[in-house]
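Structure first, then comments.
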Amino acid sequence: MRPPMSMGRGGGRGGRGARGGGRSFGRGGRGGRGGGRGFDDGPPAEVVEVGKVMHECESEMVCILSHSETKIPYFNAPIFLENKQKLGKVDEIFGPLTKIMFTVKPDAGVLAKTFQKDDIMYVGTDKLLPMSRFTNPSGGGGGGR
């Protein structure tokens, strides 16, 4: 006797236990898993100050956010010098809302210990989120069912 269709054996996927409703071909399309990730689109058209180096810790740069009242960098946002030379990417964001800090994981060939206190870090303007995204409780969650 077979189990009901809603449990086990591919329940609700076309009845054949395979993804895609029992089609005999693969997913097709472009790229593989995570296609498009890791693409480096070069330096941004415009960079703005995002923070200042506080110190080095475990081969990363610990920085304090310059404009904590308005914008927060994306996770994994590329970090640059003023001349748009890429240094690394944002790894962690932490601290209270009044004193936000972040770490920068340096790219290969960049040493965190070469940076001095108060050296300025820059980010592309397209890689900043408004503070209200984190402080405003309204706006709902994800689109549940």
- Task: Search region 42-71 for residues that are free of Cβ contacts under 8 Å to residues at least 12 places away in the same chain and under 14 Å from GLU92 (Cβ atoms) and pair each with any residue that is β-branched (Val, Ile, Thr) and in a strand (DSSP E or B) when their beta-carbon atoms are under 9 Å apart and the residues are at least 6 apart or on different chains.
- Result: GLU58/THR103
- Task: Mind checking which strands (runs of 3 or more DSSP E) fall wholly inside region 59-113 and carry at least 2 residues that are out of contact with any His (no Cβ under 6 Å at 6 or more places or on another chain) and β-branched (Val, Ile, Thr)?
- Result: 86-94, 101-106
- Filter region 52-102 for residues that are hydrophobic (A, V, I, L, M, F, W, C) and in contact with a helix residue (DSSP H, G or I) (Cβ under 7 Å, 6 or more places away or on another chain); which is surrounded by the fewest Cβ atoms within 10 Å (Cβ to Cβ)? LEU97
- Item | PHE115 vs. criteria hydrophobic (A, V, I, L, M, F, W, C), at pLDDT 95 or above, surrounded by 10 or more Cβ atoms within 10 Å (Cβ to Cβ) and under 20 Å from ASP41 (Cβ atoms) | no
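The values are calculated or read from the model by the stated rules, or taken from the named source; none is laboratory data. Just so it is clear, the structure is predicted and the values come from calculations on it, not from any experiment. Cβ: placed from backbone, ideal geometry, glycine included. Neighbour counts: every protein chain shown.
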